[in-house]
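The values are calculated or read from the model by the stated rules, or taken from the named source; none is laboratory data. Since the model is a prediction, treat every value here as computed from it, not as a measurement. FYI the Cβ positions are ideal-geometry reconstructions off the backbone, even for glycines, and counts take in every protein chain you see. Side chains are part of the model used for accessible areas, which takes the heavy atoms of the whole protein and leaves out ligands, DNA and RNA. Shrake-Rupley method; radii C 1.70, N 1.55, O 1.52, S 1.80 Å.
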Amino acid sequence: MAQVKRLGYGLQALKLLAEQNRHMNSSELAAALHCEPTALRKVLSQLAEQGLLDVRQGRCGGYKLSVRPDDIPLSAIYLAVKDEAAEWQGMLDTLKVNDSSEKVETVFKQVLSEINQVLEQKLRGYTIADLLD
């Protein structure tokens, strides 16, 4: 669930930065998106690590897109905030109860891998520009 929330924050933040076309600090972005600044800063950091954001320190600093909106596939945002271990770990933890759990875990991990491949493929077909009015 946290991963989906981070994806939502990332999409909204990049959309807003594309619309504003200027540096915005994390407090300003968080206020506009009605979210917790700390959670948003983590997402912005992950996006910056992937080269999607220019980060400037100081009084006039903040975050700005470093790439044109039509050059940012939604899959890049998904991959930046993706947390492999957390996604289904709760369900996988329940499998430790019986002897047949190893096969169930193996098959389910394959299913999850296939789901992620399809999701990433679909997200590659859309960009931040598609989210703009």
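Here are some notes:
- Angle in degrees between helix 2-20 and the longest Cα principal axis of the chain, rounded to the nearest 10: 20
- Per atom type, the chain shows carbon and sulfur on 52% of its accessible surface, probed at 1.4 Å.
- Top positive-direction residue, dipole computed over the chain with Cβ charges, set Cys60, Ala13, Tyr126: Cys60
- When the P(r) is computed for the chain, the part past 24 Å accounts for 37% of the Cα-Cα pairs.
- Cross-link partners of Lys64 among lysines (Cα-Cα below 16 Å; sequence separation of 8 or more within a chain): Lys15, Lys42
- Electrostatic dipole magnitude of the chain [Cβ: Lys, Arg +1; Asp, Glu -1; Cα centre; debye, to 20]: 460
- Karplus 3J(HN,Hα) series, Hz, for segment 57-72 with 6.51 cos²θ - 1.76 cosθ + 1.60 (x for Gly, Pro): 7, x, 4, 9, x, x, 10, 8, 4, 9, 9, 4, x, 7, 9, 10
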